[in-house]
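Remarks on the structure that follows.
The values are calculated or read from the model by the stated rules, or taken from the named source; none is laboratory data. Given the structure is predicted, the values throughout are model-derived calculations rather than measurements. Methodologically, a virtual Cβ is constructed for each residue, glycine included, from the backbone with ideal geometry; neighbour enumeration extends over all protein chains shown. Surface accessibility is based on the protein's heavy atoms, side chains included, excluding ligands, DNA and RNA. Shrake-Rupley method; radii C 1.70, N 1.55, O 1.52, S 1.80 Å.
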Amino acid sequence: MTDHAVEERHGSQRGSRPKGLGLERKETLTGYFCISPWLLGMAAFFVVPMLYSLWLSLTHYSGLGAPRFAGLANYTRMLQNELFWTSISNTLIYSLMFVAPSVIGSLLCAMLLNQQIRGRTFFRSVFFLPSITPIVAAMFLWMWILQPKVGLFNYLLSIVGVDGPGWLGSTRWSKPALAMISLWGAIGGRPMLIFLAALQGVPNEYIEAAEIDGASAWRKFISITVPIISPIVLFNTLIAGITALQMFEIAYIASAPQGQQHELGGPGRSTLSYVLNLYIRTFQDFDMGYGSALAWFFFAVVLLATFLFMRSSRGWVFYESTEAHD
């Protein structure tokens, strides 16, 4: 190739580069333009309010007038407040009653509905109905069922000679009652559907190979099914944990059946969850600064707990594509 041809080729390449870069830049700008409504919405309704609440957590603010800077006073007061620790204790106890049973129950229901039985679609619909029932309607139904004197649950217990407790009116039984109500709506809901989809994705050849080797049903479940669906177990457990920590509606409705706001969190503060305490301090006491501090503490705890849980999952969660690559 002559020197003139080489120079022409390099010149044409140099001339084409700006055009390609310009096209790539144009496509990038077009992409940003297309997602700009979402970006603006996220900034207006998510990022800006979060940053503003962070600023409010450092101030004294009642919702009227101008916020007065207070530094870390709200956080210090929060750690010294008895209701703060009571709400944390109630929330953790409720979470222990809810998370494991909801995940295990959802998995068992999914395994049951994954069987080749007649009317399987009908049973799937029936199991899913509680999760789409409006929470207010469900709570009023359960408040009647758990009514100590005329409720259906205690009546059934009395038939077998058991004296039923006060349930939502008892400081001892209120949290188990709330957990039971939550499990009624959670076990057959979205976690069950996610588990059902995961179970249908377990390769049949693995199960058939285990059956040829004489593996029992329990061994097939532990050694094949659980490792394959372990990412789904991780996901549902994480979502159940966050849901339990955010418990608010059922505690609000159960502790204020006639709208008696001063009884929120009762009886004896036994149903005072963390988010309910945040609501009371912010929207009843109108202590916006203190409420914002509670919200940011909650956000930090959930973020840290999620990070630690994800780190701890490395030893028991099986990712098939990663293992195959290794």
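Pairing each residue of the stretch 102-130 that is under 22 Å from Val233 (Cα atoms) and among the aromatic types (Phe, Trp, Tyr) with any residue that is outside any helix (DSSP H, G or I) and open to solvent by less than 80 Å² (accessible area, probe 1.4 Å), provided the two are 6+ apart or on different chains, yields C-beta distances under 9 Å for Phe127/Ile187; Phe127/Gly188; Phe127/Gly189; Phe128/Gly188; Phe128/Gly189. Within the stretch 288-301, residues that are touching a residue at least 24 places away in the same chain (Cβ under 8 Å) and on the phi < 0 side of the Ramachandran plot reach partners that are outside any helix (DSSP H, G or I) and among the polar types (S, T, N, Q) with beta carbons closer than 6 Å, at six or more positions or on different chains, in the pairs Gly289/Thr59; Ser292/Ser57; Ala293/Ser57; Trp296/Ser57. The single residue among Leu183, Leu193 that is in a helix (DSSP H, G or I), open to solvent by 40 Å² or more (accessible area, probe 1.4 Å), out of contact with any strand residue (DSSP E or B) (no Cβ under 6 Å at 6 or more places or on another chain) and touching a residue at least 40 places away in the same chain (Cβ under 8 Å) turns out to be Leu193. Being free of Cβ contacts under 8 Å to residues at least 60 places away in the same chain and of a type in the set (Gly, Ala, Ser) is the filter; apply it to the stretch 64-89 and report the residue that is surrounded by the fewest Cβ atoms within 10 Å (Cβ to Cβ). Residue satisfying both the conditions and the ranking: Ala66. Given the criteria buried (at least 16 other Cβ atoms within 10 Å of the Cβ), over 21 Å from Pro130 (Cα atoms) and of a type outside the set (S, T, N, Q), does Gly164 qualify? Considered against the rule, which asks whether it is buried (at least 16 other Cβ atoms within 10 Å of the Cβ), over 21 Å from Pro130 (Cα atoms) and of a type outside the set (S, T, N, Q), Gly164 comes out as yes.
Residues that are polar (S, T, N, Q) and more than 30 Å from Phe298 (Cβ to Cβ) were ranked within the stretch 213-253; the one that is surrounded by the most Cβ atoms within 10 Å (Cβ to Cβ) is Thr225.
Can Ala209 be described as free of Cβ contacts under 8 Å to residues at least 12 places away in the same chain and surrounded by 15 or more Cβ atoms within 10 Å (Cβ to Cβ)? It is false that Ala209 is free of Cβ contacts under 8 Å to residues at least 12 places away in the same chain and surrounded by 15 or more Cβ atoms within 10 Å (Cβ to Cβ).
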